[in-house]
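Below: the structure, in structure tokens.
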Amino acid sequence: MHLGHSHDGPAAVSADATRPDGTRRALRIGLGGPVGSGKTATVAALCRELRDRLSIAVVTNDIYTQEDADFLLRQAVLPPERIQAVETGACPHTAIRDDISANLEAVEELEETTGPLDLILVESGGDNLTATFSKGLVDAQIFIIDVAGGDDIPRKGGPGVTTADLLVVNKTDLASYVGSDLERMALDAKKQRGELPVAFTSLTSAEGVGPVADWVRVRLAAWTA
Ligand SMILES: Nc1nc2c(ncn2[C@@H]2O[C@H](COP(=O)(O)OP(=O)(O)OP(=O)(O)O)[C@@H](O)[C@H]2O)c(=O)[nH]1
Ligand SMILES: [Mg+2]
């Protein structure tokens, strides 16, 4: 059961940051973005990179299935009890922004059964450029787009691109095949986001999810400081 958190929209204040015993609860990071941009692949890579030093759990959101959770289970990125699926049954943004009760219940159950945790990653189902997480559900959000979706995506804006705490442009290894101009994407993203950070990743390269993992480590250090 969740414990009386706000279920309001994006303007709501962050969920209570301490556990009943007064210690800092796990940092909750949401990962959103269009269908197929690499959200689950990023979650899997983050788990592999961070699991030795951090206690991690994951919540996935799919509309009709538990496909993403099943993928993470098959890949054994975490012990099975640390991966929970939420079947939204509706547009993904509904479950992460408008009625966050099922997701809150999932994160709180993970804390209760596998905690104390350092980090909970919440993957949204793939949606359009308008989907963002309620601040009552996550403390920070990553918006993941990919170069194959078109190099005009950063220019098109939308709250994910303009306001996410980190914008990830994934699949840079495909840029030359689909004619995407990475420099232009970087310039457009800078124009939309000002000082907010942007990471370019290719999960098939040696560097992989490194820039995102570095950003998570910095957020976590600030969270626990
Ligand atoms: N070439 C390449 N493929 C990638 C990269 N990242 C992810 N993929 C592939 O892209 C496909 C979609 O990745 P997912 O992680 O399932 O994407 P998703 O955003 O979770 O998709 P939904 O949850 O359905 O919205 C998979 O086949 C991945 O292997 C990358 O950096 N480069
Ligand atoms: Mg996914």
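The values are calculated or read from the model by the stated rules, or taken from the named source; none is laboratory data. Keep in mind the model is a prediction, meaning the values are calculated, not measured. We place every Cβ from the backbone using ideal geometry, glycine too, and count neighbours over all the protein chains shown.
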Restricting the search to region 20-35, which residues are buried (at least 24 other Cβ atoms within 10 Å of the Cβ) and either among the charged types (D, E, K, R) or in a helix (DSSP H, G or I) (or both)? ARG28
Taking region 155-167 only, how many residues are under 17 Å from ASP127 (Cβ atoms) and in contact (Cβ under 8 Å) with a residue 40 or more places away in the chain? 3
Go through region 112-132 and count every residue that is surrounded by fewer than 24 Cβ atoms within 10 Å (Cβ to Cβ) and in a strand (DSSP E or B). 1
If I ask for residues that are part of a helix (DSSP H, G or I) and crowded, with 19+ Cβ neighbours inside 10 Å, which ones from region 52-71 would you list? ASP68, ALA69
Just to check your reading of the model, which residue among THR224, THR204, THR172 is at pLDDT 95 or above, touching a Lys or Arg at 6+ places or on another chain (Cβ under 9 Å) and at negative phi? THR204
How many residues of region 131-145 are away from ligand 1 (no atom under 13 Å from the Cβ), touching a His at 6+ places or on another chain (Cβ under 7 Å) and more than 12 Å from ASN103 (Cβ to Cβ)? The answer is 0
Boolean, ASP181 is at pLDDT 95 or above, away from ligand 1 (no atom under 16 Å from the Cβ) and of a type outside the set (S, T, N, Q): yes
Is it the case that some residue within region 72-85 is in a helix (DSSP H, G or I), of a type outside the set (S, T, N, Q) and within 26 Å of ASN128 (Cβ to Cβ)? yes
Restricting attention to region 98-148, report how many residues are free of Cβ contacts under 8 Å to residues at least 24 places away in the same chain and of a type in the set (A, V, I, L, M). 1
Every residue in region 133-145 that is surrounded by 24 or more Cβ atoms within 10 Å (Cβ to Cβ) and of a type outside the set (Gly, Ala, Ser), please. PHE133, LEU137, VAL138, GLN141, ILE142, PHE143, ILE144, ILE145
Checking THR40 against (1) of a type outside the set (Asp, Glu); (2) under 26 Å from ASP99 (Cα atoms); (3) touching a Gly at 6+ places or on another chain (Cβ under 6 Å): exactly one of these is not met. Which one? (3)
Of the residues that make up region 36-51, is at least one at pLDDT below 95, within 13 Å of ligand 1 (Cβ to nearest atom) and in a helix (DSSP H, G or I)? no
When residues of region 162-208 are limited to those that are surrounded by 16 or more Cβ atoms within 10 Å (Cβ to Cβ) and touching an Asp or Glu at 6+ places or on another chain (Cβ under 6 Å), the one nearest to GLY33 (Cα to Cα): ASN170
